[in-house]
Structure formats: structure tokens, C-alpha cells
Amino acid sequence: MPKPTSNSVLVTDLPPNRVNVAASMNRVRSVYGIKRSRQLWDMARLALRPGRIHPTEYMTLGLSNPSLDWSEKLTFRGRRAVEDLTSSLFAGDLSSAGWLLKDKLLTNKLLGALGAANPDNSAGGIPVPPL
């Protein structure tokens, strides 16, 4: 995995996702019995929604699983949607995002207020000095 450069806070250049969508669709059909046309329909609908899910993300995130209802699938965000949100928040300069990485509670509240789906925090902790 790429490492952040000395002047960046986050890794923004991820390795390419090498998912064979056609083979994955065949596997979904054999495991779940979902027709390819239905999978393509779901992929197209999710790609055009605010989450902008790419077909490879559809497969890697497990969105073909029939146990997920449509409202749950809509809570996922694809890489393009996350990049758009990040660039709108930081105008392309991620070096100012360090405080977001340090404060998970604040980050989740901020992103939740902006409409992004994020997990609830059921516990918190503080750093404890070594004994």
C-alpha cells in the first residue's frame, strides 16, 4: 500500500482495485441465485445515487448480498463520492485534515451533520501512559 508523503496526512493514492466484475457476478448468481440483469440494475442505480458506487465497489463491499435491503445499500459511499466530499471540505489540501484524524468523535459528528453515514460510537477511551 502506498505510504503518505512527508507533507501529507492521508494516503490518497490507493492501488487499483482488480476485481473481475463479470466473474464476481457469476459467483453471486451461483451463491445467491440473483440474476445478472438484477445485479446490473442494482449497480446502475447505486452508481447514479449520491454514494456513486462503482461496480467493483459493489462487489468488494458485498452489496450483492440479499440480506441487505435497499435502504442499507444507499448508506454506502463509493470512492468517488468520498473524494468529492473530501475535496469540497478541504479544497484539495488534506494537510489541514490532521485534526479530523485525531478526534474520531468530532469527525463522526461533523460528517453526520453533512449527511454522511457513519457508525455510532458505543465506547470511548483516552490514552493511558505506560506503567
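At full extension, L74 and R45 could sit 9.5 nm farther apart than now, given 0.36 nm per residue minus the alpha carbon distance. If you take all other residues with their beta carbon under 13 Å from the beta carbon of L85, and give Lys and Arg +1 and Asp and Glu -1, the sum is +2.
Across the range 33-41, computed HN-Hα scalar couplings (Karplus, 6.51 cos²θ - 1.76 cosθ + 1.60, θ = phi - 60°) run x, 8, 5, 4, 4, 5, 4, 4, 4 Hz from first to last residue, x flagging Gly and Pro. Under 5 Å between amide hydrogens, built in the peptide plane, is the criterion, and for G78 it picks out R52, I53 among residues at least 5 positions away or on other chains. Using 0.36 nm per residue and subtracting the Cα-Cα separation, the extra length available between A22 and S67 on full extension is 14.1 nm. In order along the range 23-30, the phi-based Karplus estimate (6.51 cos²θ - 1.76 cosθ + 1.60, θ = phi - 60°) of 3J(HN,Hα) comes to 5, 5, 5, 5, 5, 4, 5, 6 Hz; Gly and Pro are listed as x. Between D84 and K109, residue separation times 0.36 nm minus the direct Cα-Cα distance comes to 7.1 nm. Remark: accessible surface ordering of Y32, Y58 (largest first) is Y32, Y58, probe radius 1.4 Å. When the surface is traced with a 1.4 Å probe over the full set of protein chains, T60 keeps roughly 80 Å² accessible.
Could you pull out the trypsin sites (Lys or Arg not before Pro) across the range 17-64 that fall in loop regions by DSSP (anything but H, G, I, E, B) with no more than 15 other Cβ atoms inside 10 Å? Listed in order of number, the matching sites are R18, K35. Taken about its Cα centre, the range 15-61 carries a charge dipole of about 140 debye when Lys and Arg each add +1 at the Cβ and Asp and Glu each add -1 at the Cβ. In a shell of Cβ-Cβ distance under 15 Å around D69, excluding D69 itself, what net charge do Lys and Arg (+1) and Asp and Glu (-1) give? With Lys, Arg at +1 and Asp, Glu at -1, the neighbours total +2.
The values are calculated or read from the model by the stated rules, or taken from the named source; none is laboratory data. A quick note: this is a predicted structure, and the numbers were derived from the prediction, not measured. As a convention, Cβ positions derive from the backbone with ideal geometry for all residues, glycine included, and neighbour counts pool all protein chains shown. With ligands, DNA and RNA removed, areas are computed over all heavy atoms of the protein, side chains included. Shrake-Rupley method; radii C 1.70, N 1.55, O 1.52, S 1.80 Å.
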